[in-house]
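Data block below; observations after.
Every number in this text was worked out from the coordinates using simple rules, so none of it is lab data. Note that this is a predicted model, so its numbers are computed, not measured. Backbone-built Cβ (ideal geometry, glycine too); neighbour counts: all protein chains shown.
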């Protein structure tokens with residue numbers, strides 16, 4: 001199974017280093033506005049959520065692309081944009097339910113996370129390890145384990 | 001230019017006009033940015049003798065060449081102006097996201113001059129600049145102001161604002177950004193309030209370039225490895241926040257208690273980082289690009305002190321805690337939230353309340369004057385006087401002047417615990433001689449972040465020094481002061497220096513700017529900045545006589561604990577400090593020194 005970006009939102013500290021790592025990797029400048037990953041920050045609730053392309057199994061953006069510019073690389077498990085084919089029609093933007101693909105106004109070409117070809121730069125700069133690049137197989141079970149650990153306490157109380 | 005955007009935004013509030021100017025590359029090279037560059041511009045543009053609260057004073061919000069990059073914790077900006085609290089240079093540092101956003105909008109700094117006729121706020125979206133009316137924001141808290149401006153500008157806007165304290169010219173009002181970060185000390189918020197400038201709102205989508213990307217990236221990754229390897233920056237600060245120091249400093253006997261009457265607070269543990277984490281912390285949070293994430297986000301459920309927000313930090317859990325003899329963490333945190341929302345410096349506030357409490361207990365202040373039972377330890381009174389001070393109501397109007405003016409008003413200036421009109425932070429100089437000297441010589445009055453001698457004297461980083469010895473402390477102080485001036489000018493956070501030093505900062509600065517500074521030239525810039533601040537203060541009317549400490553710190557030995565029997569032996573250190581600085585016996589930089597540094 002190919003590796004994927006696996007998030008642990010509880011570890012994200014809202015430092016936005018991922019946005020800087022991404023923007024300088026692809027645009028040669030520090031510019032969160034051009035980053036393919038963004039951290040959404042809810043200060044009152046103390047919730048910080050990094051978001052980028054989830055590499056859907058059945059990608060809406062690829063289906064919507066009339067130019068056939070978005071294809072899947074199964075070795076890396078990544079959807080990527082062939083900029084030779086992309087016509088900048090924005091259909092992928094409309095199709096993506098998460099806002100994780102966008103046409104760069106400067107180039108007129110769609111951009112999305114391509115996992116940096118297997119060495120994601122955002123992961124390298126994520127000190128709290130809120131974003132990891134790994135085989136995601138165990139991830140749902142990890143989550144269940146963490147939630148049940150919290151539930152354990154309340155079950156104990158109910159039993160009493 | 002690389003690192004710097006090369007642009008300055010000048011706002012004339014009197015004329016309601018603005019202009020974009022080019023940053024002088026020579027000045028940028030000599031003074032780096034942030035604190036250094038801001039001080040240089042202020043020094044060149046105002047007469048240091050002007051009244052801080054007059055239209056002739058200017059306010060500069062300045063970033064550094066590293067601000068907005070992924071150099072470790074590179075999210076800082078500094079507010080530079082003449083202080084209404086001290087009459088000396090004011091230079092207050094803040095994190096969050098505001099500084100980087102200013103860079104992404106295309107500016108290294110914003111300079112405000114004059115005074116608006118009516119309340120206004122500044123709205124900057126890249127090259128679009130508007131001075132907008134702020135009548136509807138006047139009187140609002142900093143949090144409310146952010147919400148209201150966000151609703152009328154852009155969801156991603158970053159905002160620095162003042163609360164009611166800044167509007168009412170509380171002499172230690174601060175500038176708050178990103179709901180909980182503050183350019184805290186010396187009353188920079190009062191200058192903003194005087195100018196009728198309620199807030200600065202910025203949205204930037206322009207890119208920021210460095211000169212040599214790959215080299216810069218490698219330097220950043222290497223620094224991150226050091227941050228991850230240091231127990232302080234990888235475990236201590238993220239887990240317990242800065243307040244992990246409470247028990248350490250208390251054990252060493254220099255945790256100032258009840259207005260510096262002792263250095264031991266028996267129940268300090270109730271207010272420390274461990275207690276914060278166990279009782280009120282939701283989680284920790286980082287500022288921009290910061291791998292440390294030292295800020296505790298907290299919530300108080302106790303209905304009496306209900307609230308939520310960032311903090312308290314070490315300084316505030318002490319100033320509003322031990323310094324006032326209070327160990328009620330809920331009340332301390334509530335008072336801290338009020339400081340953030342009304343926009344005032346909790347260090348000066350806490351020490352001023354402590355001075356009032358000492359006067360109250362000694363009978364120099366009566367209930368008739370205070371309207372509150374200001375006994376040490378009265379947690380309810382703390383919260384009430386915090387609110388009243390931020391709004392200048394009742395006795396709060398007197399507290400709003402700071403402790404020097406308060407103690408003078410009631411005839412007991414000896415109870416002012418500070419230097420040059422600014423209150424001490426949370427370390428008693430009597431327990432760390434180098435820190436004592438640092439307080440006496442700090443350019444913005446008593447301050448812990450001008451040369452953090454606690455690091456070698458108490459914490460043992462980079463090496464352990466005997467805190468009670470005076471030998472060689474002058475030279476240590478100077479080294480720390482100069483390096484700190486560099487750090488504050490580059491735009492990275494001082495807390496980096498628990499894990500990295502001049503070598504790593506130099507490794508950021510050169511590839512970021514493309515300027516081939518040697519490490520010595522970089523540190524020389526720090527010395528230049530320190531001397532320029534000194535020159536500002538001397539021209540403002542301060543003298544070497546102001547490089548002193550309260551009688552209590554010089555003459556009354558600490559009565560108990562780990563630093564029992566100690567006073568600061570300033571006279572053993574100060575002449576050497578002047579000499580090593582290249583200053584004359586009155587503390588005035590010599591002509592030779594100024595020439596060497598290229599200062600006028």
**OP:** Determine, for each peptide in B:510-521, B:240-251, B:23-34, the mean count of other beta carbons within 10 angstrom over its residues, then list the peptides with the highest first.
**Re:** B:240-251, B:23-34, B:510-521
Subject >> Inter-label distance, nm, simple model (7 Å from Cα along the C-beta direction), residue B:221/residue A:9 >> reply: 3.1 nm
**OP:** Compute the length gained on full extension between residue B:117 and residue B:517: take 0.36 nm times their separation in residues and subtract their Cα-Cα distance, giving the result in nm to one decimal.
**Re:** 139.5 nm
**OP:** Could you tell me which of rounded, prolate or oblate describes the protein assembly as shown, using a ≥ b ≥ c as the square roots of the eigenvalues of the alpha-carbon gyration tensor, with rounded for a/c under 1.5 and, failing that, prolate when a/b is larger than b/c and oblate otherwise?
**Re:** prolate
Original post:
With each pseudo-label sitting 7 Å past Cα toward Cβ, what's the residue A:148-residue B:248 distance in nm, one decimal?
Top reply: 4.0 nm
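What shape does segment B:42-112 take by its C-alpha gyration tensor, where a ≥ b ≥ c are the square roots of the eigenvalues and a/c under 1.5 counts as rounded, a/b above b/c as prolate, and the rest as oblate?
prolate
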Subject >> C-alpha long axis of helix A:17-27 to longest principal axis of chain A, angle in ° >> reply: 10 degrees
Original post:
So what is the relative contact order for segment A:1-92, in percent, with contacts set as C-alpha pairs under 8 Å and at least six apart?
Top reply: 23 percent
**OP:** Run the quick spin-label model on residue A:63 and residue B:132: label points 7 Å from Cα toward the beta carbon, then report their separation in nm to one decimal.
**Re:** 4.0 nm
**OP:** Give the percent of DSSP beta bridges with both residues in segment B:7-203 that are antiparallel, rounded to the nearest 5.
**Re:** 75 percent
Original post:
Where does helix A:139-159 land angle-wise versus the long Cα axis of chain A, in degrees 0 to 90, nearest 10?
Top reply: 30 degrees
Subject >> Burial ranking of peptide ranges B:175-183, A:90-98, B:490-498, B:120-128 (average Cβ count within 10 Å, highest at the top) >> reply: B:175-183, B:490-498, B:120-128, A:90-98
**OP:** May I ask you to give the average projected area over all directions of the convex hull of the Cα atoms of chain B, in nm² rounded to one decimal?
**Re:** 23.1 nm²
Original post:
When N counts the residues of segment B:203-344, how does its alpha-carbon radius of gyration compare numerically with 2.2 N^0.38 Å, as a ratio?
Top reply: 1.24
Original post:
Remind me, relative contact order of segment B:7-203 in percent, using alpha carbon pairs under 8 angstrom and six or more residues apart?
Top reply: 23 percent
**OP:** Order the peptides B:330-337, B:63-70, B:387-394, A:142-149 from the highest to the lowest mean number of other Cβ atoms within 10 Å of their residues.
**Re:** B:63-70, B:330-337, B:387-394, A:142-149
Original post:
Going by a ≥ b ≥ c, the root eigenvalues of the Cα gyration tensor, does segment B:238-423 fall in the rounded group (a/c under 1.5), the prolate group (a/b larger than b/c) or the oblate group?
Top reply: prolate
**OP:** Could you work out, residue by residue across A:36-49, how many beta carbons of other chains sit within 10 Å of that residue's beta carbon, and then give the average as an integer?
**Re:** 3
**OP:** Within 10 Å of each Cβ in peptide B:287-297, how many partner chain Cβ atoms are there on average? Round it to a whole number, please.
**Re:** 5
Original post:
When you look at the Cβ of every residue in A:126-135, what mean number of other chain Cβ atoms sits within 10 Å?
Top reply: 2
Original post:
Which FRET efficiency value, to the nearest 0.05, do you get for residue B:205 and residue B:555 by plugging their Cβ-Cβ distance into 1/(1 + (r/R0)^6) with R0 = 60 Å?
Top reply: 0.55
Original post:
Quick one: if the Förster radius is 56 Å, what FRET efficiency do residue B:26 and residue B:412 give, using the C-beta to C-beta distance and rounding to 0.05?
Top reply: 0.70
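Please report the relative contact order for chain A, taking Cα pairs under 8 Å with a sequence separation of at least 6, and give it as a percent rounded to a whole number.
About 28 percent, as a whole number.
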Original post:
Separation of segment B:63-112 and segment B:337-393 by C-alpha centroid, Å?
Top reply: 30 Å
